[in-house]
1. Quick one: what pairs do we get from the stretch 221-234, first residue at pLDDT 80 or above, second open to solvent by 50 Å² or more (accessible area, probe 1.4 Å) and assigned to a loop (DSSP other than H, G, I, E, B), C-beta under 7 Å, 6+ apart or different chains?
2. Would you check if I35 is buried (at least 16 other Cβ atoms within 10 Å of the Cβ) and either modelled with pLDDT of 95 or more or among the acidic types (D, E) (or both)?
3. Starting from residues that are of a type outside the set (V, I, T) and buried (at least 24 other Cβ atoms within 10 Å of the Cβ), keep the ones in the stretch 257-268 and report whichever is nearest to I330 (Cα to Cα).
4. Residue check, A38 against (1) under 19 Å from the mean Cα position of the chain (by Cα); (2) more than 18 Å from A261 (Cβ to Cβ), all met but one. Which one?
5. Could you identify the single residue in D189, D156, D194 that is more than 26 Å from V94 (Cβ to Cβ) and either at pLDDT 90 or above or part of a helix (DSSP H, G or I) (or both)?
6. I need the full set of residues from the stretch 320-356 which are open to solvent by less than 30 Å² (accessible area, probe 1.4 Å), touching an Asp or Glu at 6+ places or on another chain (Cβ under 7 Å) and in contact (Cβ under 8 Å) with a residue 60 or more places away in the chain, in order please.
7. Check Q314 against each of (1) in contact with a Ser or Thr (Cβ under 9 Å, 6 or more places away or on another chain); (2) surrounded by 15 or more Cβ atoms within 10 Å (Cβ to Cβ); (3) modelled with pLDDT of 90 or more and name the one condition it does not meet.
8. Check off (1) more than 26 Å from the chain's Cα centre (by Cα); (2) open to solvent by 70 Å² or more (accessible area, probe 1.4 Å); (3) basic (K, R) for R300 and give me the number that stays unchecked.
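The values are calculated or read from the model by the stated rules, or taken from the named source; none is laboratory data. Because the structure is predicted, anything quoted here is derived from the model rather than measured. Using ideal geometry, Cβ is built from the backbone for each residue, glycine included, and neighbour counts are taken over all protein chains shown. Protein only, heavy atoms only, side chains kept; ligands, DNA and RNA dropped before computing areas. Shrake-Rupley method; radii C 1.70, N 1.55, O 1.52, S 1.80 Å.
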Amino acid sequence: MTTQNQPHKLLSKIDSSTPFLAIDLSCVSRKYEEINRALPFAKIFYAVKCNPEAPILQMLADKGSSFEVASLGELKRLISIGIDPKDVIYSNPVKPEQDIKAAYNLGLNNFAFDSPEELAKIANAAPASRVHLRVSISNKGSQINLSSKFGANRLDSLELIKLARKFNLVPYGITFHVGSQAEDINIWDEAFKDISFLLRKLQTEGILLEVLNIGGGFPVQYGVKAPSIDKIGSVISRNLPNLPYAIKIWCEPGRFLVAEAGTIGTRVIGRATRHNDDWLYLSVGRFQAFIELFESEDIRYPVFSSNATSKKRQTPFVLTGPTCDSYDTILHDVLLPSDTTVDDVVYFAMAGAYTHVYGAAFNDFPVPRVVYV
């Protein structure tokens, strides 16, 4: 949507009220087509939590996407725009029982689990549903580890699948996640080795599953070199023949589809020199849009300013937010024109994923409003 040195011409047409998150829906459409070409063997379920704005959901639905939710609220968002719950998976492995029941009554029948306790809840609230076992695999090589909070270990997996049958549920699939921003392409080979072992073990017990859900984790280019979706697709594709039998492949992209489509615009509200560093104070900070940086400082949004030209001298700045909290510092060593000052607009590209959805109006500073270009 933007380049680092030259603001997109459409951004200049947005009114002066900042902060905003500008979304280019054509970019989302293009990224959907890109992952569809790279993973032609996979059914795509967009991870709603990444950016749940209705125009994004509607556009993806029109492109043929299915959806993954982590809460009853997200499911209701989808229903409100006409999405059939039968084409939605509830992939949060731990859910309130009343929400399981409500989702089931609305027509959803695909639920993730990773413990006996969760199976008991699903059996009680959503009898005879399809269940998908979330297994824990190595997340080494990913910027954000997602293997500690969720996922059954391999030794327990067989018994959990058997237990699902005892609860009169339908063991339908295995699901895993390689971690967010998985930049080590070898992580997929390791994941498939673990999953192949598990599927073979289940097969010896007479259990054949319908679905292997490979989750998300497909990386985007936050200023670092990450493997392309085509390379990832090739690695996944070469592993499919190693599975013990033919199985449907599902995936849950989120960040990959929407990150590139979003640009946050924020106004400079102050400039100062602190300990020989030049600081810019912005109208939006970590708490309003960049909370994900608390998880990984390796995420480096491309940054440019409204007065950027190729001839201007660049200087490194510390970018910080508007609140009175010292944790509210966004990025260090960001090159911007040396004359950047109060009332200039600073843009953060690649900001369509996990920004405003994480935001909170701490100190009553607003979360970026969403506009479409």
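1. Y222/R300; A226/E183; P227/E183
2. On the way: buried (at least 16 other Cβ atoms within 10 Å of the Cβ): yes; either modelled with pLDDT of 95 or more or among the acidic types (D, E) (or both): yes.
Taking the combined requirement at face value, the residue satisfies it.
3. Let us first name the residues in the stretch 257-268 that are of a type outside the set (V, I, T), namely 257, 259-262, 265, 267.
Filter again for buried (at least 24 other Cβ atoms within 10 Å of the Cβ), leaving 257, 259, 261-262, 265.
On the way: L257: 23, A259: 17, A261: 20, G262: 17, G265: 14 Å.
Among those residues, the one meeting the criterion is G265.
4. The one condition A38 does not meet is (2).
5. D189
6. M350, G352
7. Of the numbered conditions (1) in contact with a Ser or Thr (Cβ under 9 Å, 6 or more places away or on another chain); (2) surrounded by 15 or more Cβ atoms within 10 Å (Cβ to Cβ); (3) modelled with pLDDT of 90 or more, the odd one out for Q314 is (2).
8. Going through (1) more than 26 Å from the chain's Cα centre (by Cα); (2) open to solvent by 70 Å² or more (accessible area, probe 1.4 Å); (3) basic (K, R) one by one, R300 breaks only (1).
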